[in-house]
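Peer 1: Quick one: this structure, given as structure tokens, is what I'll be asking you about.
The values are calculated or read from the model by the stated rules, or taken from the named source; none is laboratory data. The structure presented is a predicted model; accordingly, all values stated were derived computationally and were not measured. A quick note on method: Cβ atoms are made from the backbone with ideal geometry, for glycine too, and the neighbour counts reach across all protein chains shown. For accessibility, only protein heavy atoms count, side chains too; no ligands or nucleic acids. Shrake-Rupley method; radii C 1.70, N 1.55, O 1.52, S 1.80 Å.
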Amino acid sequence: MNIAVDSDAPLLSLEQRKRARNVGFSLVFLGLVSAFLLAGRPGNAGFKLVDTYTVFLPAQPFARALAVALVALGAIQLFRGFGKWTNVVLAIATGTFVIAFLTWAASGGSFSLTGMLQDTVTRSVPITLGAIAGILCERSGIINIAIEGQLLGGAFAGAVVGSLYGPWAGLLGAIAMGVGLSAILAVFAIRFRVDQVIVGFAINFFSLGLTSFLAQRVLTPHPEYNIVRPFTPYAVPLLSKIPVIGVVLFTQTLFVYVSIIAVVVSTWFLYRTRWGLRTRAIGEYPQAAGTLGVDVIKLRYRNVWIAGAVAGLGGAWWPLGTVGRFDQNITNGRGFIALAAVIFGRWHPVGALTAALVFGLSEAIQLKMSNLDTGIPSEFLLMAPYIVTLIVVAGFVGRSRAPKAAGQAYDASK
Amino acid sequence: MKLELRGITKRFPGVVANDNVNLTLNTGEVLSLIGENGAGKSTLMSVLYGMYKPDEGDILLDGSPKVFTSPADAIAAGIGMVHQHFMLVPVFTVAENVVLGVEPTGALGKLHIDEARRMVREISDKYSLDLDPDAVIEDLPVGVQQRVEIVKVLLRDAKVVVFDEPTAVLTPSEIIEFFEIVKTLVSAGRGVVFITHKLKEALNIADRIAVLRRGKVVGEVDPKTATESQIAEMMVGRPVQLIVNKNSASAGDVVLKVTDLTVLDADGRKHVENVSFEVRAGEIVGVAGVQGNGQTELVEALTGLRKATGGTITLDGKDLTHSNPRERHQMGMAHIPEDRQRQGLVGGLSVAENLVLTRYHDDQFSHGVVVDWDAANAIADTLISEYDIRTPSKETGVGTLSGGNQQKVIVARELSRDLRLTIAAQPTRGVDVGSIEYIHSRIVKERDAGTAVLIVSTELEEVMALSDRLLVMYRGRVVAELDPKKSTPMEVGLYMAGSRPDSAVNA
């Protein structure tokens with residue numbers, strides 16, 4: 001019994017076919033956007049790479065060429081499919097679309113592309129660290145909705161302790177605050193087996209309320225508690241001399257270096273060590289680990305604490321990496337974006353970093369756009385990068401699979 | 001190593017799960033622990049494995065008393081357990097699962113995965129278990145997964161291996177392989193405790209059989225001389241009818257007709273593929289198959305709990321492919337679901353409320369929107385006595401009853417009206433021997449009254465004994481239709497495993 005199968009088209013599941021079709025439509029959609037919106041402005045756009053060198057792109061022809069290419073690619077995807085090259089095609093297409101968008105916005109003027117990329121990396125820091133905190137928890141079976149609260153707590157403690165005892169002490173203070181807030185999550189979720197999502201939300205509100213209250217009642221009358229000297233960028237010897245990349249990656253504050261190290265270290269530990277094997281085991285099937293003598297409860301506590309420390313550090317980025325002070329709700333939902341990065345990154349630190357960079361880029365573009373005179377409403381500017389992000393995410397990620405036991409309390413007797 | 005349990009007593013609030021239990025296991029011996037659900041087998045083994053602390057009594061290994069406060073202690077003392085539900089992480093490889101908890105590591109806890117692979121290969125070769133250390137668990141058939149569990153136990157150098165209902169998930173040919181492995185373990189000087197409720201298997205493999213009833217060891221028998229009915233009587237405490245008593249069927253008109261039924265889930269996975277069959281009035285059609293081959297989805301599609309993606313279902317000639325469960329119910333379809341707690345009963349409601357759960361909206365039990373509780377209670381009293389439901393009162397929460405009595409509540413509710421079709425999935429799962437006997441006789445009675453009956457069960461013996469015609473499902477398809485009187489369990493088992501008895505000719 002043989003069903004005739006097209007020899008170079010492998011059998012795809014229904015879900016894969018749907019996804020392939022969606023990718024095709026997305027490409028066509030992006031093509032139409034560039035044809036009708038982005039090709040509307042003449043003139044050259046200048047992208048400054050280094051002080052002495054600026055690349056000029058003609059906005060209109062570039063957008064038109066891109067529109068033709070995107071529609072063609074979309075058609076190929078719809079009728080034939082790129083198979084395993086789909087993601088590569090989509091990545092290149094989306095990247096080019098972003099450049100066309102920038103070309104359109106900057107036509108007739110110029111701006112620093114390198115500066116924007118540097119900003120992207122900087123802004124991805126709290127999202128990356130927050131996402132790693134989420135991954136460490138969820139991989140061990142505890143859902144961490146409280147990332148936002150932990151970031152906010154870390155930011156507050158970083159500002160106050162930093163103002164009193166200097167930025168290094170501020171870092172330690174932020175870490176301690178993160179651990180403290182995660183300890184609440186741990187006790188309620190692990191010891192008392194309360195619904196983890198509810199505990200997480202409670203911590204977010206608690207953290208927002210407490211820091212806002214203290215900011216109003218203590219920091220406003222005592223501004224000396226809320227002025228800290230942030231860390232200054234450190235240029236890595238030699239590496240920072242590389243054109244463009246040197247500025248983007250190697251002329252950054254401590255936070256960027258720490259978050260890259262955090263990604264590398266957490267990946268290595270999760271996939272190459274005993275701790276990682278056990279952590280992933282208790283996140284998937286804690287009973288299996290428990291019956292082999294692994295202390296599930298203890299390991300979950302430990303992971304939640306470490307996650308709290310990482311999130312606290314991420315929170316310290318606001319006072320100690322940027323503005324040098326704490327403001328009410330300064331994190332403004334970045335913790336939830338970090339949560340999204342956990343899922344988009346498929347519970348893997350490198351994936352989370354990638355997602356964080358995409359989100360960082362949207363923030364950086366949006367900031368840059370408001371400086372350029374583009375004529376589009378600022379509300380749309382706030383929205384546009386996220387639309388692109390959604391398309392990328394829908395295309396790249398497909399459906400991801402959470403650790404199976406995430407959200408379930410462990411009871412050794414069951 | 002000689003294992004002794006001396007005077008073990010374990011109490012839970014309101015129950016004595018183990019009552020002064022004494023057992024001995026000698027080196028190189030298979031001890032079968034047999035008893036009904038709730039007799040205390042699993043509690044006893046959890047005590048042995050350090051998951052429960054006994055209230056009284058001692059565990060002795062080679063004569064010296066031991067105290068286990070966690071599974072880690074029991075493992076260190078040489079006790080290994082293969083749980084009924086496999087304790088394997090589905091997304092891990094064989095090697096990762098085997099070394100979990102005893103990982104070979106270097107500096108900073110770095111995992112030596114090559115060493116782990118080598119360890120798996122070594123044990124696998126020594127006991128000829130044929131395992132690939134790099135295979136991912138969720139891709140493996142259950143029989144192979146069980147061998148991974150055995151390697152886990154052997155790697156920890158267990159001298160006593162406890163198997164909790166090991167054959168429940170295996171096909172007949174896998175059971176034979178499993179018994180070979182048990183023999184190898186025993187000849188290598190290890191002791192084996194084999195927990196089961198299947199009498200035949202205990203008689204087949206054990207050196208001694210200990211029977212547990214209500215937490216107590218009620219006796220030990222020698223498998224060379226004991227008979228099935230003798231052991232069953234010890235388990236239940238009274239003589240039991242083990243064979244299903246039925247005359248040959250007199251099949252009438254076609255009641256249920258299923259044509260090209262296909263069921264996909266939300267992810268597009270095919271669970272049921274182009275299944276066609278008929279069930280006639282007055283006959284029992286059985287569906288055999290290893291768990292997870294589409295039987296659950298087939299039943300859900302037939303009863304309206306899941307959407308049929310393709311094909312048609314007719315009852316007495318009327319198309320009900322797109323009818324909802326209540327409409328099907330009103331057309332005379334009864335459903336005894338496979339998961340009684342999740343689909344059959346509302347645990348928090350009383351016995352009486354559960355008994356009218358499908359009928360409270362009938363005129364008989366309601367005046368407009370108000371339920372007539374007098375009528376409902378009256379029918380509940382009748383059903384409780386007619387179906388011999390052992391409950392303190394009709395107001396008792398149904399969740400507090402034993403498995404067998406919960407099942408009788410469902411059977412009473414579903415069968416106590418005029419029916420055209422009865423669909424029963426795993427009708428006796430987790431039910432004591434006494435109630436099994438009763439439920440089987442009820443189903444046969446229903447058939448003799450002219451109802452079409454469809455039985456789905458993974459217990460091959462049950463489905464062969466009950467049915468007049470037997471279908472076998474494998475990977476969502478019906479791969480065989482057999483006459484159970486003319487087929488052997490071995491033959492059916494081959495179809496269940498996906499191979500055809502005559503494949504040598506066809507290949």
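Peer 1: Going by the structure shown, is A:Pro230 assigned to a loop (DSSP other than H, G, I, E, B), in contact (Cβ under 8 Å) with a residue 24 or more places away in the chain and more than 14 Å from every other protein chain (Cβ to nearest Cβ)?
Peer 2: The answer is yes for A:Pro230.
Peer 1: I've got another one for you. What's the total number of residues in the range A:270-294 that are facing chain B (nearest Cβ under 8 Å) and either touching a strand residue (DSSP E or B) at 6+ places or on another chain (Cβ under 9 Å) or free of Cβ contacts under 8 Å to residues at least 40 places away in the same chain (or both)?
Peer 2: 14
Peer 1: Let me ask something additional. Condition first: within 14 Å of chain B (Cβ to nearest Cβ) and open to solvent by 10 Å² or more (accessible area, probe 1.4 Å). Now tell me which residues in the range A:295-305 satisfy that.
Peer 2: A:Asp295, A:Ile297, A:Lys298, A:Leu299, A:Arg302
Peer 1: Looking at (1) buried (at least 22 other Cβ atoms within 10 Å of the Cβ); (2) free of Cβ contacts under 8 Å to residues at least 40 places away in the same chain; (3) aliphatic (A, V, I, L, M), which one does B:Ile379 not meet, given that it meets all the others?
Peer 2: Going through the list (1) buried (at least 22 other Cβ atoms within 10 Å of the Cβ); (2) free of Cβ contacts under 8 Å to residues at least 40 places away in the same chain; (3) aliphatic (A, V, I, L, M), B:Ile379 breaks only (1).
A quick yes/no check of all residues on (1) in a helix (DSSP H, G or I); (2) polar (S, T, N, Q); (3) farther than 30 Å from A:Leu214 by Cα; (4) not assigned by TED's automatic domain parsing to the domain that holds A:Gly46:
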position: A:Trp318; (1), (2), (3), (4): yes, no, no, yes
position: A:Asp327; (1), (2), (3), (4): no, no, no, yes
position: A:Thr354; (1), (2), (3), (4): yes, yes, yes, yes
position: A:Ser370; (1), (2), (3), (4): yes, yes, yes, yes
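Peer 1: Specify the residue that is most open to solvent (accessible area, probe 1.4 Å); the eligible residues are those in the range B:152-185 that are within 14 Å of chain A (Cβ to nearest Cβ) and among the basic types (Lys, Arg).
Peer 2: Taking the candidates together, the pick is B:Arg156.
Peer 1: Would you check which residues across the range B:396-413 are farther than 12 Å from B:Leu349 by Cβ, aliphatic (A, V, I, L, M) and surrounded by 24 or more Cβ atoms within 10 Å (Cβ to Cβ) and list them?
Peer 2: B:Ile410, B:Val411
Peer 1: Within the group B:Asp134, B:Asp139, which residue is open to solvent by 60 Å² or more (accessible area, probe 1.4 Å) and more than 25 Å from B:Met496 (Cβ to Cβ)?
Peer 2: B:Asp134
Peer 1: Just one of the numbered conditions (1) surrounded by 12 or more Cβ atoms within 10 Å (Cβ to Cβ); (2) in contact (Cβ under 8 Å) with a residue 24 or more places away in the chain; (3) farther than 19 Å from A:Ala316 by Cα is not true of A:Ile245; which one?
Peer 2: Condition not satisfied by A:Ile245: (2).
Peer 1: Going through the range B:427-447 one residue at a time, which ones are open to solvent by 50 Å² or more (accessible area, probe 1.4 Å) and in a helix (DSSP H, G or I)?
Peer 2: The answer is B:Glu437, B:Tyr438, B:Ser441, B:Lys445.
Peer 1: Being part of a loop (DSSP other than H, G, I, E, B) and over 18 Å from B:Thr296 (Cβ atoms) is the filter here, so list the residues in the range B:448-458 that pass it.
Peer 2: Of everything in the range B:448-458, those that are part of a loop (DSSP other than H, G, I, E, B) and over 18 Å from B:Thr296 (Cβ atoms) turn out to be B:Ala449, B:Gly450, B:Thr451.
Peer 1: Moving to a separate point now. If B:Glu149 passes every condition in (1) facing chain A (nearest Cβ under 9 Å); (2) crowded, with 17+ Cβ neighbours inside 10 Å but one, which one does it miss?
Peer 2: (1)
Peer 1: Would you be able to say whether some residue in the range B:317-325 is at pLDDT 95 or above and not charged (D, E, K, R)?
Peer 2: no
Peer 1: Here's something else I'd like to know. What's the total number of residues in the range B:297-314 that are crowded, with 22+ Cβ neighbours inside 10 Å and either over 12 Å from B:Thr259 (Cβ atoms) or among the basic types (Lys, Arg) (or both)?
Peer 2: 6
Peer 1: Let me ask you something else. Could you list, in sequence order, all residues of the range A:295-314 that are free of Cβ contacts under 8 Å to residues at least 60 places away in the same chain and under 17 Å from A:Ala133 (Cβ atoms)?
Peer 2: Correct list: A:Arg302 only.
Peer 1: For the range B:95-117, which positions are touching a Pro at 6+ places or on another chain (Cβ under 8 Å) and either surrounded by fewer than 18 Cβ atoms within 10 Å (Cβ to Cβ) or farther than 23 Å from B:Ala74 by Cα (or both)?
Peer 2: Within the range B:95-117, B:Leu111, B:His112, B:Glu115, B:Arg117 qualify.
Peer 1: Is the range A:117-134 home to any residue that is surrounded by fewer than 24 Cβ atoms within 10 Å (Cβ to Cβ) and either over 21 Å from the mean Cα position of the chain (by Cα) or assigned to a loop (DSSP other than H, G, I, E, B) (or both)?
Peer 2: no
Peer 1: Could I ask something else about it? Which of (1) more than 18 Å from B:Leu460 (Cβ to Cβ); (2) touching a residue at least 40 places away in the same chain (Cβ under 8 Å); (3) part of a loop (DSSP other than H, G, I, E, B) is the odd one out, the single condition B:Thr225 does not satisfy?
Peer 2: So B:Thr225 meets the others, but not (2).
Peer 1: Which of (1) in contact with a Leu (Cβ under 7 Å, 6 or more places away or on another chain); (2) within 22 Å of A:Phe336 (Cα to Cα); (3) crowded, with 24+ Cβ neighbours inside 10 Å is the odd one out, the single condition A:Ala157 does not satisfy?
Peer 2: (1)
Peer 1: For B:Thr358, which of the numbered conditions (1) open to solvent by less than 40 Å² (accessible area, probe 1.4 Å); (2) assigned to a loop (DSSP other than H, G, I, E, B); (3) modelled with pLDDT of 90 or more; (4) not assigned by TED's automatic domain parsing to the domain that holds B:Gly294 fails to hold?
Peer 2: (3)
Peer 1: Of the conditions (1) at pLDDT 90 or above; (2) in a loop (DSSP other than H, G, I, E, B), B:Ala352 satisfies every one except a single condition; which number is it?
Peer 2: (2)
Peer 1: Take the residues in the range A:29-70 that are assigned to a strand (DSSP E or B), touching a residue at least 60 places away in the same chain (Cβ under 8 Å) and closer than 13 Å to A:Thr103 by Cβ; name whichever of them is most open to solvent (accessible area, probe 1.4 Å).
Peer 2: Per the stated criteria, the residue is A:Asn44.
Peer 1: Tell me which residues, restricted to the range B:238-261, are crowded, with 17+ Cβ neighbours inside 10 Å and over 16 Å from B:His440 (Cα atoms).
Peer 2: B:Ala251, B:Val255, B:Leu256, B:Lys257, B:Val258, B:Leu261, listed by residue number.
Peer 1: Tell me which of these B:Arg326 doesn't satisfy, since it passes every other one: (1) surrounded by fewer than 14 Cβ atoms within 10 Å (Cβ to Cβ); (2) touching a Ser or Thr at 6+ places or on another chain (Cβ under 9 Å); (3) of a type outside the set (Val, Ile, Thr); (4) not assigned by TED's automatic domain parsing to the domain that holds B:Leu302.
Peer 2: It is condition (4) that B:Arg326 fails.
Peer 1: With farther than 23 Å from A:Ala176 by Cα and assigned by TED's automatic domain parsing to the domain that holds A:Asn204 as the only criterion, which of A:Ala307, A:Ala311, A:Ala341, A:Ala262 stands out?
Peer 2: Within the list A:Ala307, A:Ala311, A:Ala341, A:Ala262, the selection yields A:Ala341.
Peer 1: Every residue in the range B:276-292 that is over 13 Å from B:Thr262 (Cα atoms) and not aliphatic (A, V, I, L, M), please.
Peer 2: Once the filter is applied, which keeps residues that are over 13 Å from B:Thr262 (Cα atoms) and not aliphatic (A, V, I, L, M), the range B:276-292 yields B:Glu278, B:Arg280, B:Gly282, B:Glu283, B:Gly286, B:Gly289, B:Gln291, B:Gly292.
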